[in-house]
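A.B. asks: One structure follows; several queries about it will come next.
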Amino acid sequence: MVSRSTLRIAWRNLGRNRKRTILALSAIAVGQLAFLSVAALMRGFGEQYLDSITGPMVGHIQIHAPRWRDDRSIDVTLRHVSATIAEVLQDPDVERASPRIYAPALAALEVEGFMSVVVGIDPAAESHPRGLVPGEHLSGQLGEHRVLVGAALAQKQTIEPGMEIAIVGQDVDGSIANDLFTVSGVIPSAIDIVHSQGIVMSLEDAQELFLMPDQAHEIVIHLSNPDRIGDVVARLSSLPLLRDAEVLPWQEILPQFVSILKLMEGYIFVVLFIVFLAAAAGIANTMLMSTFERTHEFGMLLSLGCGPGRLSRIIATEALLLGLAGVSIGTALGVGLVALTSGSGIDYAALGGSASSYEAAFAGITMSSHTFPKTYVSDVAVGVIAVLLTSLLSVTWPVLHIVRLEPMEAMRS
Amino acid sequence: MNNTLVDVKNVTKDYRAGKVIVHALRGLDLAIHEGDFMSIVGPSGSGKTTLLNLVGALDTATSGEVSVFGNDLSTMGRRRRADLRLKSLGFVFQAYNLIPVLTARENVEFVLELQGVGSERRDIAFSTLDDLGMGDLADRQPNELSGGQQQRVAVARAVASRPRLVLADEPTANLDSENAEALLQMMRHLRDEQAMTFVFSTHDPLVVSYASRVVTLRDGRVVSDELKDPTSDAHEAGN
Ligand SMILES: Nc1ncnc2c1ncn2[C@@H]1O[C@H](COP(=O)(O)OP(=O)(O)O)[C@@H](O)[C@H]1O
Ligand SMILES: [Mg+2]
């Protein structure tokens, strides 16, 4: 335990050489500030990633017929979709379950056709903010042979609302499926396949077109708490209706994103390491100088019979106080800076000197260059603990010096 | 006449400085008795500091025996010697020997805390300082005190826990004669009132005049050991 007098001596010694103390404090504070800023950017980016991934496109969990993912063959379907969805929604952690049909098809406005992907969805289930057709103004435009066309596709083929569009595909039996639809709107989407190739229609229309009553290719599930993915996957897999289906967490569907998130986390800790190496040098230098300067004082105390343990505790307390003060300032600055920027976000594109922000598609998901930094309490804690450990480690050398002191020799210096 | 506190028997102390061996003490005998107010004098290099360091358990003899309160120091390890210094001896050094970041009172208190004195140490520290005329200055830090005042704080720190023996190596070396006298009178007073034993080394004839016993060293040996009648001391009148 550290006594009050130890604390008092340590604290006042920090005030003895103000310039040096301020320098060390700044090194630590800037270190923590840098670490928290980088971490917040990475976290913001990571959350945005995760959000894009698990948002409209992938969800937290997906259900398919086995092997559908191999080549997305139209006839590999889930059956009893309504009953399955009703049952899935019984699970307390499941917030939404959205059935989907994906079918490549030829579309034509007049004579010339072009390739497209028909996406059949349940408008009611996809109307929420992170669904495929967020808002009543979009979801209300589906059903009764009305379709929404992806914005890029619409632009490329000059498709406008009100036009008639013919769709020709292959039904589950291998026969020709064709019908006429009305374009009710154009839909920009973060999901690349919808944006550039998609013709979105209601599940019923798609089931009818492709002869797949009460069937779908995929059920996308959103949870109220994404941390429970594992448990929910286990529960759903054991449902009798899903005995023959595959129930997968998003991590298994898009493993490359898991690696990206891991990489970003790794990057945070690389920054942590570099920054605290610098901080350690600052503290160690301060403590070493302060110890050597006080050799006479320590010799005097040893002569009086004070143990080297007490002197070491004074030095360690000094380093800890220095670290604690520095990391507090750094945390205040870091959290403050993040709070300032978290409202409007930061545009990487602007930082890079580009005039406009950009979006990039990766694995079918569109990412924005605009990020909202976010402070994680766990990152703050890691920073604080790293500084305190660094402080303690940095007194190793001073303590070795103290333990080796001979009282009378030390006093002569 | 009195209890023997310290017995130094045929002690030698050699220092090795590179290839040269310095014989600092060459077979020295000395007994320190309870109630002594002993001045150790002698030319520079005669071994005064070396002797005080041995008696103060700060160093060990090359040969011979030093026993303090009946403990043979040569049989004691570092730890036990540190403990002996802390619990049973008081030290006053030449100068600059306070903790600079602590006030006078805190300096005294800190050593009392090391000695294991409980919460009453605050009052003890203050009353000791007050007895030495430092009550008003108890909350000043060393850099706000004169050299003489700092030495009084050092004496207060040395005597606060009433050690049986106080050792002072040239305690007045950095003081003017007025401050030196004041310090000597204070120590003398403590010896009379608290039955403490003081041993101090000095060059200063004025300081010597306060002693009840004067031991003279030359070349690492005692060349004279005189008892003086303290009451015949001229300076006592002014006390
Ligand atoms: N640490 C040391 N190393 C080498 N020689 C020393 C050391 N300390 C003292 N001496 C030598 O021992 C002799 C006695 O020194 P000291 O006890 O300091 O004398 P005094 O205090 O009477 O001046 C001197 O010759 C001095 O140079
Ligand atoms: Mg000397």
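Laboratory data are not the source of any read-out in this text; all were calculated from the coordinates shown. Note that this is a predicted model, so its numbers are computed, not measured. Glycine also receives a Cβ, built like all others from the backbone with ideal geometry; neighbour counts cover every protein chain displayed.
A.B. asks: Rounded to the nearest 0.05, what FRET efficiency is calculated for residue A:406 and residue A:225 with R0 set to 41 Å and r the Cβ-Cβ distance? Mind showing how you got there, number by number?
C.D. replies: On the way: r = 63 Å, r/R0 = 1.54.
Approximately 0.05, to the nearest 0.05.
A.B. asks: How charged is the neighbourhood of residue B:8? Take every other residue with its Cβ under 15 Å from the Cβ of residue B:8, and add Lys/Arg as +1 and Asp/Glu as -1.
C.D. replies: Details: positive: B:9, B:13, B:26, B:48, B:213, B:221; negative: B:7, B:29, B:36, B:59, B:65, B:72, B:225.
Result for the neighbourhood of residue B:8: -1.
A.B. asks: Would you order A:289, B:196 from fewest to most other beta-carbon atoms within 10 Å of each residue's own beta-carbon?
C.D. replies: Numbers: A:289 14, B:196 21.
Starting with the residue having the fewest Cβ neighbours, the order is A:289, B:196.
A.B. asks: A follow-up question, please. Given the convex hull over the Cα atoms of the protein assembly as shown, what projected area results after averaging over all orientations, in nm²?
C.D. replies: Values: hull surface 172.8 nm².
That works out to 43.2 nm².
A.B. asks: So what is Rg over Rh here for segment B:1-133, counting just Cα atoms and using Kirkwood for Rh?
C.D. replies: Values: Rg = 17.2 Å, Rh = 16.9 Å.
Here Rg/Rh amounts to 1.02.
A.B. asks: Could you check the spin-label model distance between residue B:10 and residue B:225? Points 7 Å from the Cα along Cα→Cβ, value in nm.
C.D. replies: That separation, rounded to one decimal, is 1.5 nm.
A.B. asks: Taking other Cβ within 10 Å of each residue's Cβ, how do A:102, B:210, B:15 sort, fewest first? Working shown, then result.
C.D. replies: Working: A:102 17, B:210 27, B:15 13.
Lowest count first: B:15, A:102, B:210.
A.B. asks: Something else: State, to one decimal in nm, how far the label point of residue B:29 lies from the label point of residue B:139, with both points 7 Å from Cα in the Cβ direction.
C.D. replies: That separation, rounded to one decimal, is 5.6 nm.
A.B. asks: Roughly what angle does helix A:255-293 make with the longest principal axis of chain A, taking Cα atoms, 0 to 90 degrees, to the nearest 10?
C.D. replies: Computed tilt is about 10 degrees.
A.B. asks: So how many Å³ per residue does the convex hull of the Cα atoms of segment A:3-136 work out to?
C.D. replies: Numbers: hull volume 37.9 nm³, N = 134.
So the per-residue Cα hull volume is 283 Å³.
A.B. asks: For chain A, the longest stretch holding no trypsin sites (Lys or Arg not before Pro) located in a DSSP loop with at most 11 other Cβ atoms within 10 Å is which?
C.D. replies: Values: sites that count: A:67, A:243.
Longest site-free region, per DSSP loop and neighbour criteria: A:68-242.
A.B. asks: Which whole-Hz couplings ³J(HN,Hα) result when phi for each residue of segment A:100-110 is put into the Karplus expression 6.51 cos²θ - 1.76 cosθ + 1.60, θ = phi - 60°, listed in order with x for Gly and Pro?
C.D. replies: 9, 10, 10, 8, x, 7, 8, 10, 8, 8, 10
A.B. asks: While we're on this one: For an R0 of 51 angstrom, estimate the FRET efficiency from the Cβ-Cβ distance between residue B:178 and residue A:26 and round to the nearest 0.05. Could you put the intermediate results ahead of the total?
C.D. replies: Numbers: r = 48 Å, r/R0 = 0.94.
The computed FRET efficiency comes out at 0.60.
A.B. asks: While we're here: Compute the signed sum of charges (Lys and Arg +1, Asp and Glu -1) over the other residues within less than 11 Å, Cβ to Cβ, of residue B:89.
C.D. replies: Working: positive: B:81, B:85, B:87, B:164; negative: B:83.
Cβ neighbours under 11 Å give a net charge of +3.
A.B. asks: Which FRET efficiency value, to the nearest 0.05, do you get for residue B:164 and residue A:269 by plugging their Cβ-Cβ distance into 1/(1 + (r/R0)^6) with R0 = 45 Å? Write out the running numbers ahead of the final one.
C.D. replies: On the way: r = 60 Å, r/R0 = 1.33.
So the FRET efficiency works out to roughly 0.15.
A.B. asks: Hey, how many Å between the Cα centroid of segment B:70-147 and the Cα centroid of segment A:127-192?
C.D. replies: So the two Cα centres are separated by 89 Å.
A.B. asks: For segment A:65-161, count the residues as N, evaluate 2.2 N^0.38 Å, and divide the Cα radius of gyration by that value, please. Display every interim value, and only then the final one.
C.D. replies: On the way: Rg = 15.7 Å, N = 97, 2.2 N^0.38 = 12.5 Å.
With N residues counted in segment A:65-161, Rg over 2.2 N^0.38 Å equals 1.26.
A.B. asks: Could you state the number of Å between the C-alpha centres of segment B:156-214 and segment B:1-54?
C.D. replies: 18
A.B. asks: Roughly speaking, what is the stretch gain from residue B:146 to residue B:193, that is 0.36 nm per residue apart minus the C-alpha to C-alpha distance, in nm to one decimal?
C.D. replies: On the way: separation 47, 0.36 × 47 = 16.92 nm, distance 2.64 nm.
The residue B:146-residue B:193 span can extend by a further 14.3 nm.
A.B. asks: To make sure I understand, if each residue's beta carbon is the centre and we count other beta carbons within 10 Å, what order do B:227, A:392, B:129, B:112 fall in, fewest to most? Don't jump to the answer; show the numbers that get you there.
C.D. replies: Numbers: B:227 12, A:392 15, B:129 26, B:112 21.
Ascending number of Cβ neighbours within 10 Å: B:227, A:392, B:112, B:129.
A.B. asks: If you line up the long axis of helix A:308-342 against the longest principal axis of chain A, both from Cα atoms, how many degrees apart are they, to the nearest 10?
C.D. replies: Helix A:308-342 and the main axis of chain A meet at about 30 degrees.
A.B. asks: In Å, the Kirkwood hydrodynamic radius of chain B over pairs of distinct alpha carbons?
C.D. replies: Values: mean 1/r = 0.0548 Å⁻¹.
Mean inverse Cα-Cα distance, inverted, gives 18.3 Å.
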